[in-house]
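> Structure below; questions to follow.
Any read-out appearing in this document is the output of simple, stated calculations on the displayed coordinates, not a laboratory observation. What you see is a predicted model, and the numbers here were worked out from it, not measured in a lab. All Cβ positions, glycine included, derive from the backbone under ideal geometry; neighbour counts span all protein chains shown.
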Amino acid sequence: MPPHARSLSAALFSRSALSLLAATALLPTAWLAAAAAPGPVSWSLRAGDRVVLLGDTVIEREGESGAIETALVAMHPGANLTFRNLGWSGDTVWAESRGVFDAPSAGYARMIDVVRGQKPTVVIVAYGRNESLAGAAGLEPFRKQLDRLCDDLQRPTPAEGDAADAAPRLVLVTPPPLEGVSPLKAAAALARNQTLADYAAAIRTVAAARGTGIVDLFAEVADKLPAGAHLTENGVHLSDAGYGAAAAVFADSCGQPLSGDFASRTTAIRDAVNKKNRLFFHSWRPANETYLFLFRRHEQGNNAIEIPQFDPLVEAAEATVRELARESR
Amino acid sequence: MPSIPYLARRAARHAIAAAILWIAIAPRPASAQRALTDIPTPDPAAELAAMEVAEGYEVNLFAADPAIRKPLQINFDPSGRMWVSSSSVYPQLKPGEVPDDTVTILDDTDGDGGADVWQVFASGLHMPTAVLPGDGGCYVANATEMLHLADTDGDGRADTRRTILSGFGTEDTHHLIHTFRWGPDARLYFNQSIYIHSHVETPHGIHRLNGGGMWRFRPATLDLAVFARGWVNPWGHAIDPWGRSLVTDGAGGEGINLGFPGAAYFTAVGTPRILHGMNPGSPKLCGLEILSGAHLPDDAQGTLVTHDFRANRVCRYRLTESGSGLKSEKLPDLIRSSRVDFRPIDVKMGPDGALYIADWYNPIIQHGEVDFRDDRRDRTHGRIWRVTAKGRPLVPRVDATTLSDTKLLDRFDTQDGYARDAARRVLVERGIAEVGPELDACVAAALRAAPGTAGYHRGLERRCLELLWLRQGLDDGSNAAIDRALLSRVLTSPDPRARAAACRVVVDWADRLGRPGAGPDGSPGPIDLLAPTVDDDVAAVRLEGVRALAAVGALTETSPADATRAAALALHAVDHPRDDALDYAVWLAARELQAAWIPAVLAGTFDDGGRPGRVMYAIRAAEATQTATWMVDRWQSGVATLTDLDQLIDNIALLGDAEQQALVFAMAIDPATPQVRAATVIGQQVEAFRKRRVVPTGDLSAVQSLLSSAEPSLTAAAIDAAAAWQVEAAADALAKIAGDGDRPLPVRRATILALGSLPGDAARAALCATAADQDSPAEIVAAALSSLVTRSPADAAPLAAAWLSRSPGEGLVHEVLRAFLGARGAADRLAIALQGTALTPATARAALQDVTAAGRPEPGLEAILGSASATGGPRSMTAAQRAELLTLARDGADATRGAAIYAAAQLRCIACHRIDREGGRVGPNLTAIGAASQPDYLLESLLEPAKNVKEGYASVVVLTTDGLVVSGIPVSRSDRELVLRDALDKEIRIRLVDIDEESPGTSLMPAGLVDGLSREQLADLLCYLVSLGRTAAVEEAR
């Protein structure tokens, strides 16, 4: 990558550069409006919390990286936390990746059901980057749909009785910025980030209005990168260092900054987290859904009994994670 | 006897030991469990001995288990080593099982034709359906991801694992992304099958593909795009020396398909139009390779090899140039085996000039019919077979990675496809900095030897194309990477195949060829470069030119004016003859660029080159209703010339609004209008009603006058129009035709159907009278009942009950029953009306067949017809009876007698099922059913059709807002309409806006079809089905 490309992209998401951009009126007004809005409520995890991570490729690949979940687990030893990663590549607040054989609207309804089925007490919601491809015209529809998604995630099901207790707490996450790293050209990253800034602002607005927690990856993740490290592998997908930086932003946002040697101290936990997440992936997005659950279930639906057999395996794997977290205290 | 190399001998010993063990511990086979007892021992020597190999060729074992198990894809690297991906996890990961599938590298270091080195390159994979060596390791399909695995320390094992792309669907594990291959453009092409829904995020955006199709991908830039769409299981992809993609389908049936940018085939989602393969009526095929190289004889060069994996055959096809594409003809098989476990699925030319075949080795294929955990599934074996030409020297193996750039560039001239691909791969990976100087010199020399100069020879045309592809492969995104001179040279090549191929390069370089339409410094831009191609003498060049113009026009950086120019040029193709593929290409271009050309047409700035027919074609292709007013102005102002006036009016009839429809209708009923023209115009208006429910304004009663026309096509159109527009005033005229014994029966029946959709008492009364008229021909009564039920089930039910009691013919019973089953609430009314009505058992049985084939339960009718049919419902057989019957079918039945039963009118098998080219398409093609399915499964399907419904043949039941109930197999679905194939093999198009409710149905095959057969007849029928695709005698007789 040519050096100037790196500096351009770095400029875009470092704080000092952001103020520079604002001063040169490059920054859209929505950003400024959001900055003036009441600040979001800080968030924290409590003992026994069941956390669902919901979002796009950033969340799906966190299921392989494990950095964010490891940070949250390790900073709460003995809290018996549960994490379920429901990320899906290319997804949006309309659940556009989750329609399978149906329209996205059916995928959306199914997504809400799946989240509820996990009985979460906390849902971490990370969307916005794919939606931002629609540009300025897509901003308001995105904001509205994100708000609706939050409503739907917090709407108690009739069977759950007491509404106040049943609604999970929400944490909204702004998307990490794009980076002028090969093969993404610096100019393209800059242009995308200018739009993305508006979407990040919209997420902050929703979070502020709802009083939910927020993790501001868009504004903060670059500052957490080790010197010389790239945020992404290819301009868009977080690198290992990028996930480490994201984990640090998560930790900061709930008031427990990570120590410098955190990653090296927690490799065993992270391995256990990843093992658990792989098991969970096979249970919630099993292969052959067509035959197990959908329109060819008359052929192989009998094998659907195998899928719940993953549950105790996932729970055992999660118990290992908790045990390792306790030991690392 | 072909030699068995060391590895194979080892495997054979292993297999024999296993076989002895198996015999010792296997339970005494129950006589009816043919499927179990027929599992062959996995002995490679026995499998080889059972192969019938074409004259002049021989086969030897290259590798087998335990070195490889369940091979899924093979690809050679430029060093000549074979990479194999294998899966024991398929079809489904077990809870607690850690996925540990592998990529293995095989090598024949001593050149004896057998692998003597095998190295597990990577493990821990999850159903790796594809592997492709490249970039210091290999690209692997890993369920939801494409991975790159690399060996950075040179120990032969992967030590880094990167996720390159993610978000691929896994809804069906034999549909996972597969068939990885490099194109000559150094892009990675890969396919996904029909049930896969993929959502892939790259730095350049989101790419979604719901359904089958082919992706085109450049790893270095992560540029990803859908290249072509459709197919069920496009498990074979070969690219000919001119860059043309050839595709086979493991569940299609049209043999060899031609893939070009934007092509859509069978099952493509969201398109109202699809293309067809070159060999309709072919078996399902897997894998594809083009034979080439000095080892193989001349008559093999350029022929295609693919696998009929269900019938255990290796097939061959020959291609010849034809129209805008190619023609394919089937040749005699290369290998046939009597062994059910020989499952050839992939095929590649090797570094020694021999052909290598991956044999998945499994008596059970697929995972729909047979349980995931069925013990008969083989999970441990697999073979690679090597096919050589007898008595011909092998090609000396060359490790391309050791050759100089010059030597590699020279290899572009060889006829050996493997050698060319290997050379190109090495050069691309060496990169522009290293290869650049040598390539520049090579290009300069090729350009100097222009046609007409002393150094020129015909081979330079392909060489120039290869050099152009290499430029494309080495493209680093800089302006310097663009080679205008070479591009122009190939675009104007004397060889049309080179000209066609160069069109795609223009698209890839469009961003750097200057503003589309005008390059920098007066040099031609991409649209200028493509302009001559659309008027080329050769249709294949026109096709690629049209597709390239559409692609350039659709780029985001292309201005509306330039996009309009691209569209205007693409439409030149309308001036020339067009076969189906070329017409599709223009049709698609008109649709893709409509946002540009429609405003230009409306503004009067569109350059049609003085040929208004181009615009008329585009308007129709894009169904551009917004041009209707513009067209009416042209018509009324007299601007339209005689040459395009008819097209113009037809377009208005198809696309106009209600008032514009009235203008057209007035013209049609004008006595001065020729009757044939009037018929065409009204036909378009009926089509407009079907698509958009638009009805001309004003008094339409004049349609009556057309009913009495002497021109049959006009009468027919008028009948349809009267029905569509609900012209109540036409009821009497229609009733008169319906009752006119001098009129042909089809006309009378069409009239009766039209009466069914007319409002008002006159039409209803006419239908009641006809349905009650015992003197009318039975066909007329049946039509009247079918028509009446759609508007008034209460009137129709008692009349139908009375009619059924008179034992009408079986065919008419089916017609009327289907009509009742197709009208909401009518089936229940009929059940009530039939209370106390005496039916003959034959009538009841015929009616019951329709009820069970409705794809949904109708308990009322099932009960009353079941008791009247005297059989008490479809025949059932105990497990012991089934076992006995299976034995009888195997040992004491006759396939020839079975064939006669199959064809008999009583069963009507042929109405729904196709064998070769004969028969309907409602049910699965049975051409090779015996090869694909076990006898016990076939018997069960005959007795209980709803129990196992074949992939792609599950019906849906649609309730329309008009109160109709339609059951059928989905054929296609676009953003506007759903096309179903009903039980009569008729395509029913339903607008999505008319669908009230849609639910999954069951089988469309009637239960109880075989009830009338004796035990022996059923055994004969089963014997015949089992023989299909398996028995040479039966096959040759076809």
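> With a 10 Å radius around each residue's Cβ, average the other Cβ atoms per peptide and rank B:546-559, B:388-401, highest first.
The peptides rank, most packed first, as B:546-559, B:388-401.
> At a Förster radius of 51 Å, what calculated FRET efficiency corresponds to the Cβ-Cβ distance of A:ALA268 and B:THR492, to the nearest 0.05?
According to the calculation, E is roughly 0.20.
> Using +1 on the beta carbon of Lys and Arg, -1 on that of Asp and Glu, and nothing else charged, what's the dipole of the protein assembly as shown about the Cα centre, debye to 20?
Computed about the Cα centre, the dipole is about 840 debye.
> Could you point to the residue in A:PRO226, B:ALA794, A:VAL206 farthest towards the positive end of the protein assembly as shown's charge dipole, with +1 and -1 charges on the Cβ of Lys/Arg and Asp/Glu respectively?
Going by the Cα projections, it comes out as A:PRO226.
> Of the cross-linked pairs B:LYS70/B:LYS284; A:LYS119/B:LYS94; A:LYS276/B:LYS70; A:LYS224/A:LYS276, which ones have a Cα-Cα span greater than 22 Å in the structure shown?
Checking Cα-Cα distances, A:LYS119/B:LYS94; A:LYS276/B:LYS70; A:LYS224/A:LYS276 exceed 22 Å.
> Please list, by residue number, every one of the GluC sites (Glu not before Pro) in the range B:903-985 that is coil in DSSP and has at most 16 other beta-carbon atoms within 10 Å.
none
> If you add up the charges near B:ASP996, with Lys and Arg at +1 and Asp and Glu at -1, over every other residue whose beta carbon is less than 11 angstrom from its beta carbon, what do you get?
Result for the local shell: -3.
> Does the range B:254-384 classify as rounded, prolate or oblate by the C-alpha gyration tensor (a ≥ b ≥ c root eigenvalues; a/c under 1.5 gives rounded; else a/b over b/c gives prolate, otherwise oblate)?
Cα axes put the range B:254-384 in the oblate bin.
> Got a sec? Charge dipole of chain B, +1 on Cβ for Lys and Arg, -1 for Asp and Glu; which of B:VAL586, B:VAL979, B:VAL922 is way out at the positive end?
With unit charges placed on the Cβ atoms, the residue in question is B:VAL922.
> Would you mind computing, in nm to one decimal, how far apart the modelled labels at A:ILE305 and B:ALA710 are, each placed 7 Å from Cα along Cα→Cβ?
Those two pseudo-labels are separated by 7.7 nm.
> Ok, one more. Quick one: if you stick a label point 7 Å off each Cα along the C-beta vector at B:ALA765 and A:ARG110, how many nm between them?
Result for the modelled spin labels: 5.5 nm.
> Hey, another quick one. For the range B:341-446, what is the convex hull volume of its Cα atoms per residue in Å³?
Normalising the Cα hull of the range B:341-446 by residue number yields 165 Å³.
> In addition: Please identify the helices of chain B, taking whole runs of DSSP H, that span at least 27 Å along their own axis as judged from the Cα atoms and have a mean Kyte-Doolittle score of 0.0 or higher.
What comes out of the filter, once short or polar helices are dropped, is B:6-25.
> Only four residue types carry charge here, +1 at the Cβ of Lys and Arg and -1 at the Cβ of Asp and Glu. Report the dipole size of the range B:404-608 about the Cα centre in Debye, rounded to the nearest 20.
Using Cβ point charges on Lys, Arg, Asp and Glu, the range B:404-608 gives about 320 debye.
> Which length gain, in nm to one decimal place, applies between B:SER805 and B:LEU555 when the Cα-Cα distance is subtracted from 0.36 nm times their residue separation?
Full extension of this stretch gives 83.3 nm more.
> Any chance you could list the semi-axes, whole Å, largest first, of the equivalent ellipsoid that the Cα gyration tensor gives for the protein assembly as shown, using √(5λ)?
The answer is 50, 41, 38 Å, longest axis first.
> For chain B, just run the numbers: alpha carbon Rg, then divide by 2.2 N^0.38 Å, N being how many residues it has.
Normalised by 2.2 N^0.38 Å, the Cα Rg of chain B equals 1.04.
> Hey, with R₀ at 41 Å, roughly what FRET efficiency would A:ALA167 and B:ASP374 work out to, going by the Cβ-Cβ distance, to 0.05?
The computed FRET efficiency comes out at 0.35.
> In deg cm²/dmol, rounded to 500, what helix-only [θ] at 222 nm does the protein assembly as shown give when every DSSP H run of at least 4 residues adds -39500 (n - 2.57) and the total is split over its residues?
So the helix-based figure for the protein assembly as shown works out to -12500 deg cm²/dmol.
> Over all directions, average the projected area of the Cα convex hull of the range B:145-201 and note it in nm².
5.2
> Can you give the average number of partner chain beta-carbon atoms within 10 Å of each beta-carbon in peptide B:221-227, as a whole number?
Per residue, the number of nearby Cβ atoms from other chains is 2 on average.
> Less than 13 Å Cβ to Cβ from B:VAL747, Lys/Arg counted +1 and Asp/Glu -1: what total charge do the surrounding residues give?
Its environment carries a net charge of -1.
> So what is the diffusion coefficient of the range B:57-106 in µm² per second by Stokes-Einstein at 20 °C and 1.002 mPa s, using a Kirkwood Rh over Cα pairs?
Using the Kirkwood radius from Cα pairs, D works out to 172 µm²/s.
> Mind listing which chymotrypsin sites (Phe, Trp or Tyr not before Pro) in the range A:63-155 are in a DSSP loop and have 16 or fewer other Cβ atoms within 10 Å?
The qualifying sites are A:PHE101.
> Taking 51 Å as R0, compute the FRET efficiency from the Cβ-Cβ separation of B:ALA863 and B:ASP916 and round it to 0.05.
After rounding, the FRET efficiency stands at 0.80.
> Also: Average partner chain C-beta neighbours within 10 Å, per residue of A:232-238?
Taking all residues of A:232-238 together, the mean is 4.
> Are there trypsin sites (Lys or Arg not before Pro) in the range B:612-703 that DSSP puts in a loop and that have at most 15 other Cβ atoms within 10 Å, and which ones?
B:ARG693
> If you don't mind, there's one more thing I want to ask. Calculate, in nm to one decimal, what A:ASP223 and A:ARG297 gain on full extension: separation in residues at 0.36 nm each, minus their alpha carbon distance.
My answer for the length gained is 21.6 nm.
> Please compute P(r) over all alpha-carbon pairs of the range B:77-225, binned at 5 Å starting from zero, and give each bin as a whole-number percent.
Bin by bin from 0 Å, the calculated values are 2, 10, 18, 21, 20, 15, 9, 4, 1, 0.
> Can I ask one more? For A:PRO141, what charge total do you get from the other residues with a beta carbon under 15 Å from its beta carbon, if Lys and Arg give +1 and Asp and Glu give -1?
Neighbour charge sum, excluding A:PRO141 itself: -2.
> Where a ≥ b ≥ c are the square roots of the eigenvalues of the C-alpha gyration tensor, would you call the range B:6-389 rounded, which needs a/c under 1.5, or, failing that, prolate if a/b is larger than b/c, or oblate?
rounded
> For B:ASP299, put the label point 7 Å out on the Cα→Cβ axis and report which residues of the range B:332-360 keep their amide N under 11 Å from it.
B:332
> Also: Any idea what the dipole of the range A:118-237 comes to, in debye rounded to 20, about its Cα centre with Lys/Arg Cβ at +1 and Asp/Glu Cβ at -1?
Once rounded to the nearest 20, the dipole reads 160 debye.
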